[in-house]
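Undergrad: Here it is, the structure in full.
The values are calculated or read from the model by the stated rules, or taken from the named source; none is laboratory data. Just so it is clear, the structure is predicted and the values come from calculations on it, not from any experiment. With ideal geometry, Cβ positions are generated from the backbone for all residues, glycine too; neighbour counts draw on all protein chains shown. Accessible surface areas use protein heavy atoms only, side chains included; no ligands, DNA or RNA. Shrake-Rupley method; radii C 1.70, N 1.55, O 1.52, S 1.80 Å.
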Amino acid sequence: MNLTFEGFLKGYCRELSGQQSLSFRKLVKQATTVAPRVAEPLFLLALAQGKAEYVLGLSEGLWMEEGYRGVLSLYAQTGSLASLCAEDKLPNRYANVWRAYRAVKEKPAVDRRVNALMRKKTLEALEESGETRYGLCRALHLNKGNVYAYLAGDDSKVSRKTARRIMEYAEERSTQEGAGRPVRVAG
């Protein structure tokens, strides 16, 4: 997923305003009436699209005008929206929008790291229980190819939720007495 900050802002403005339109006039109206949380992503979107002066004009005399002027001043000092956000100079309410974007953008990588940790525990529990990978797939009604690839090291093949289901099943089987097949001992 190659989510841009501008793309995130568009979706976020729609979500917070409760409307599908990205009309700056309509969004400013929403920010002053029923959706004040849209004010910050709205102005960041205006900066991203080169419409900051227009939105500043729409907000003249409104509660968000002073904040918009401050952010516009910071933007003028840094020269780009990416620099402004990365340098951590934004007021907290605007910085929260950037942090929300980073959380969404980084979620797949975080999920892969968590899946890797769960995979390690799953493999240990499967070995301890003697449960086969095939038996696990059948019991949980999962795609065998995806589960086999995940257990072999491809952490993108299953969701975090599915990885957790697999791990919990394997751990449950390892704690049951006589679960799974007997483990063969070389000898």
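Undergrad: Within segment 1-117, considering only helices (runs of 4 or more DSSP H) that don't extend past its boundaries, which have at least 1 residues that are surrounded by fewer than 15 Cβ atoms within 10 Å (Cβ to Cβ)?
TA: Numbers: elements: 5-17, 24-32, 39-48, 52-58, 65-78, 81-86.
Where helices (runs of 4 or more DSSP H) fall fully within segment 1-117 and carry at least 1 residues being surrounded by fewer than 15 Cβ atoms within 10 Å (Cβ to Cβ), they are 5-17, 24-32, 52-58, 65-78, 81-86.
Undergrad: Considering segment 127-141 alone, what residues qualify as being out of contact with any Ser or Thr (no Cβ under 7 Å at 6 or more places or on another chain) and under 19 Å from SER174 (Cβ atoms)?
TA: Here is the first cut: in segment 127-141, the residues out of contact with any Ser or Thr (no Cβ under 7 Å at 6 or more places or on another chain) are 127, 130-141.
Within segment 127-141, GLU127, GLY130, GLU131, THR132, ARG133, TYR134, GLY135, LEU136, CYS137, ARG138, ALA139, LEU140 qualify.
Undergrad: Okay, moving on. Pairs please, first residue from segment 124-144 and assigned to a loop (DSSP other than H, G, I, E, B), second anywhere and basic (Lys, Arg) and surrounded by fewer than 13 Cβ atoms within 10 Å (Cβ to Cβ), Cβ atoms under 6 Å, 6+ apart in sequence or on different chains.
TA: Filtered contacts from segment 124-144: GLY130/ARG181.
Undergrad: Pull out all pairs, ordered by first then second residue, where Cβ-Cβ is under 7 Å, the residues are six or more apart or on different chains, the first lies in segment 20-41 and is among the polar types (S, T, N, Q), and the second is open to solvent by 50 Å² or more (accessible area, probe 1.4 Å) and part of a helix (DSSP H, G or I).
TA: Taking only residues 6 or more apart or on different chains, the pairs are GLN20/ARG14.
Undergrad: Based on what the data block shows, is VAL38 among the aliphatic types (A, V, I, L, M) and farther than 15 Å from PHE5 by Cβ? Give the steps one after another, and end with the answer.
TA: Details: among the aliphatic types (A, V, I, L, M): yes; farther than 15 Å from PHE5 by Cβ: yes.
The answer is yes for VAL38.
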